[in-house]
Amino acid sequence: MSLNLGVASQITWLYFKNISEADVFLQNTLKLKLVEDHGWAKIYSVANKAFLGAVESGKGTLEAKDEHAMLYTLVVDSVEDWHKHIKASNMTEVSEIGGMRDVPIKTFFATGPGGYKFEFQAFLNKDSIKIFHNN
């Protein structure tokens, strides 16, 4: 018997104490499209079949925490444009644009609602660009 073990899509779930604040942030700041809304649980399209879910703490499987050992990275085509947009938003702890010594990327970091850390990153290596970018 053959098993169908294909993965159809991917959802990363974040838990928030204030789902309304998270919704405004995800739609207005990150420009994600709301594709499923159950009030206390919402799903936003990130790219193709990748999604970000937001859950009201106390309603889902987990609880929101004050500290997170998690980084949500958005691979973007223009780090500079996103940096300008995020600096003008309500995100805090917005870093300067930089890179990494061992990995050819351009990146910056910021903190969003619920204390979640976000990275906005572009790959600089042409093979990585083919894998992770739209162009």
- Item | Criterion (surrounded by 11 or more Cβ atoms within 10 Å (Cβ to Cβ), without any contact (Cβ under 8 Å) to a residue 40 or more places away in the chain and among the acidic types (Asp, Glu)) met by exactly one of 56, 96, 80 | 80
- Item | Residue that is surrounded by 11 or more Cβ atoms within 10 Å (Cβ to Cβ), over 16 Å from the mean Cα position of the chain (by Cα) and more than 14 Å from residue 120 (Cβ to Cβ), where the choices are 34, 62 | 62
- Quick one: is residue 130 basic (Lys, Arg), assigned to a helix (DSSP H, G or I) and more than 19 Å from residue 27 (Cβ to Cβ)? yes
- Note on the structure: Within region 65-77, residues farther than 8 Å from residue 121 by Cα, among the hydrophobic types (A, V, I, L, M, F, W, C) and not in a loop (DSSP other than H, G, I, E, B) come out as 71
- Query: Checking residue 113 against (1) outside the structural domain of residue 8 (by TED's automatic domain parsing); (2) at pLDDT 95 or above, which test does it fail?
  - Reply: (2)
- Among the residues of region 89-103, count how many are at pLDDT 95 or above and assigned to a loop (DSSP other than H, G, I, E, B). 5
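The values are calculated or read from the model by the stated rules, or taken from the named source; none is laboratory data. Everything numeric in this text was worked out from a predicted model, so none of it was measured. Note: ideal-geometry Cβ built from the backbone for every residue, glycine included; neighbour counts use all protein chains shown.
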